[in-house]
Amino acid sequence: MPKEGRDEVFEAAEREHEQREKFYERNMRLRNAGLEGTVTDDDHRRIMRNQLEETQCLQMLRGWLKGDAPLFVLLGPTGRGKTVACAWAIAESGGRYMTAKKLERLFLAQYGVALDEQDQTMQYQGLLVVDDVGTELKRDQFTSSLYELVNARQGAGRRTVITSNMGRKEFEGRYRDARLLSRLKRAEFAQIAGSDLREKDRKDKREK
């Protein structure tokens, strides 16, 4: 085989190897983040291949990741792609995911493994996603917990994403703690509009 042909074969094999490595890395990041059951199989495959539709959520999150603001609050109705966009961000560079209900349980702990995990969550250096804020059971206790988390992570420059199905006024009205609201003034907010992507996906499948 001529040298040029050998070079092309070698370059193609190298590209395929790099793609496999990236695929494996993205898979491990998703598996280690606590995301089990949060995105559909189809979305998981799209994330793995970095082939997600460029939704408003994804655009907003990409923009925030390029900046240096430590806290991002992603707001909007269900089905707009908030969780999927967060899963993509974790696949890109690693991170941890938890629901608001899990955070609530952690901060109710007084001793044991859960208390250790609480400290680890506040001190975690990578991206932390707290999803579905507003679904917690005890608002007052959760408000205090959310302040502790935001205060610790924001003060240390650790990056955190909070998602909620509420609008900004409703969000700030629900968590009326002066200390928390003060910290949120330094956060970047994004209010997502548009149609329900889940319904669109179901419609596309029915039409196929």
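Any read-out appearing in this document is the output of simple, stated calculations on the displayed coordinates, not a laboratory observation. Bear in mind that the values here come from a model prediction, so they are computed numbers and not experimental data. No Cβ is skipped: glycine too gets one built from the backbone with ideal geometry, and neighbour counts run over all protein chains shown.
Kirkwood Rh over Cα pairs of region 32-207 into Stokes-Einstein at 4 °C, 1.567 mPa s: D in µm²/s?
On the way: Rh = 16.6 Å.
Result for D is 78 µm²/s.
Below 8 Å between Cα atoms, with a sequence gap of 6+, how large is the relative contact order for region 32-207 in percent?
Working: 243 pairs, mean separation 57.2, N = 176.
Computed over region 32-207, the figure is 33 percent.
Hey, fewest Cβ within 10 Å first, where do 84, 39, 113 land in order? All intermediate terms of the calculation are to be shown ahead of the outcome.
Numbers: 84 23, 39 19, 113 8.
With the fewest neighbours first, 84, 39, 113 line up as 113, 39, 84.
Could you tell me the calculated FRET efficiency between residue 169 and residue 23, based on Cβ-Cβ distance and R0 = 41 angstrom, to the nearest 0.05? Working shown, then result.
Values: r = 42 Å, r/R0 = 1.02.
It comes out at approximately 0.45.
Take the Cβ-Cβ distance between residue 152 and residue 59 as r, set R0 to 41 Å, and report the resulting FRET efficiency rounded to the nearest 0.05. All intermediate terms of the calculation are to be shown ahead of the outcome.
On the way: r = 29 Å, r/R0 = 0.71.
Result of the calculation: an efficiency of 0.90.
What is the calculated FRET efficiency for residue 115 to residue 193, with r their C-beta to C-beta distance and R₀ = 45 Å, to the nearest 0.05?
Details: r = 40 Å, r/R0 = 0.89.
After rounding, the FRET efficiency stands at 0.65.
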